[in-house]
Amino acid sequence: MKWEGNRESSNVEDRRGEGGSSSGFGGGGLFGGRSIGIGTIVVALVGGWIFGINPLTILGLLSGNSAPAQVQQQQTPARAPPADDRMARFVSTVLADTEDVWTEVFAKSGVRYQEPRLVLFRGATQTACGQGQAAMGPFYCPGDQKVYIDLGFYETLTRQLGAPGDFAQAYVIAHEVGHHVQNLMGISGKMDQMRGRVSKAEFNALSVRLELQADCFAGLWAQKAQASRQILEQGDVAEAMNAAAKIGDDALQRAGSGQVVPESFTHGSSAQRQRWFETGLKTGSVKACDTFGAKNL
């Protein structure tokens, strides 16, 4: 992936020197004030559309008739990562690239994109969604509009999951930013409203659609970034597709317990994750990423 020398985002907080508590994650869920993640990877390794409306019509991204949800962020002083930290520079550059893409996408619909912040931490850190832990994998907290990542996850991605490569790492960030986009579009809020109103199996099925849409949004970012800045090198797409396969629910369940239980899926199968990333990559279209309106995933 061609990233060195490109713009780095200023929306990065470095909490790695603060130290974190080792107590459990407080929140017990996924949406609203709870975190939305690419998957509880380490934990997994060891151990009809019912809203009645298409959520993609909520915002002006398709119709231009309404504005994204306004979520108040705390703009407290935060330490930037050191300039000689190559991995921090990488994630800052990828974040900046997502900012450029989504700013343009939103602007075409007359809507201002609200940039998320990305927090680097080690072990555990406090969030508006409760305490985040490295074992959860990277995640997005709608409550404070921040993406959280312990960079040690990338070693897990490479060594334990067999998904190496810088573009695989970029895909992870783009997926979490995809959750931020869903938050701005009001989709995450709609999901939270369904909690307790539907069965666990039905909610899991909705969660799968939410996660697959974030995968599609990651592919959309890659398509538009490539068109504008030619960031892709040979093998990059294969790295992302491999990562999508390695973190599919079926792959993780098979690796963890040897049994695959489709009704318990919350992120989608390997094939589904690959398909929707590829959909975003090929089309570069928000509308094409309407997983909630899709008859087949």
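Overall shape: oblate for region 97-170, with the ratio a/c of the largest to smallest alpha carbon gyration tensor axis at 1.5 or above and b/c at least equal to a/b.
In terms of its C-alpha gyration tensor, region 116-218 comes out prolate, because a/c is 1.5 or above and the ratio a/b outweighs b/c. In this structure, THR158 and ALA294 have a Cβ-Cβ separation that, at R0 = 22 Å, corresponds to a calculated FRET efficiency of about 0.10.
3J(HN,Hα) along region 115-121, derived from phi through the Karplus expression 6.51 cos²θ - 1.76 cosθ + 1.60 where θ = phi - 60°, amounts to 6, x, 10, 10, 10, 8, 9 Hz, with x in place of Gly and Pro. Once backbone amide H atoms are built at 1.01 Å from N, THR127 has GLY132 as its partners under 5 Å, excluding neighbours fewer than 5 places away on the same chain. For the residue pairs LYS146/LYS282; LYS108/LYS282; LYS146/LYS190; LYS2/LYS282, alpha carbon separations beyond 25 Å are given by LYS146/LYS282. Name the shape class, rounded, prolate or oblate, that the alpha-carbon gyration tensor gives for region 205-297, where a ≥ b ≥ c are the square roots of its eigenvalues, rounded holds for a/c under 1.5, and otherwise prolate holds if a/b is larger than b/c and oblate otherwise. Because a/c hits 1.5 or more and a/b fails to exceed b/c, region 205-297 counts as oblate.
Shown in residue order for region 264-281 are the 3J(HN,Hα) couplings computed by the Karplus curve 6.51 cos²θ - 1.76 cosθ + 1.60 at θ = phi - 60°: 9, 4, 10, 10, x, 6, 4, 5, 5, 5, 5, 4, 6, 4, 5, 4, x, 5 Hz (x for Gly and Pro). Here VAL208, VAL260, VAL101, VAL237 are placed in order of increasing Cβ neighbour count within 10 Å, fewest first, which gives VAL260, VAL237, VAL208, VAL101.
The amide H of LEU118, built 1.01 Å from its N in the peptide plane, has VAL12, GLU13, VAL147 as neighbours under 5 Å, considering only residues 5 or more places off or on other chains. Measuring r between the beta carbons of VAL198 and SER10 and using R0 = 45 Å, the FRET efficiency lands at 0.65.
Each value in this text was obtained by applying a stated rule to the coordinates, not by laboratory testing. Just so you know, these numbers come straight off a predicted model, no measurement behind them. Glycine also receives a Cβ, built like all others from the backbone with ideal geometry; neighbour counts cover every protein chain displayed.
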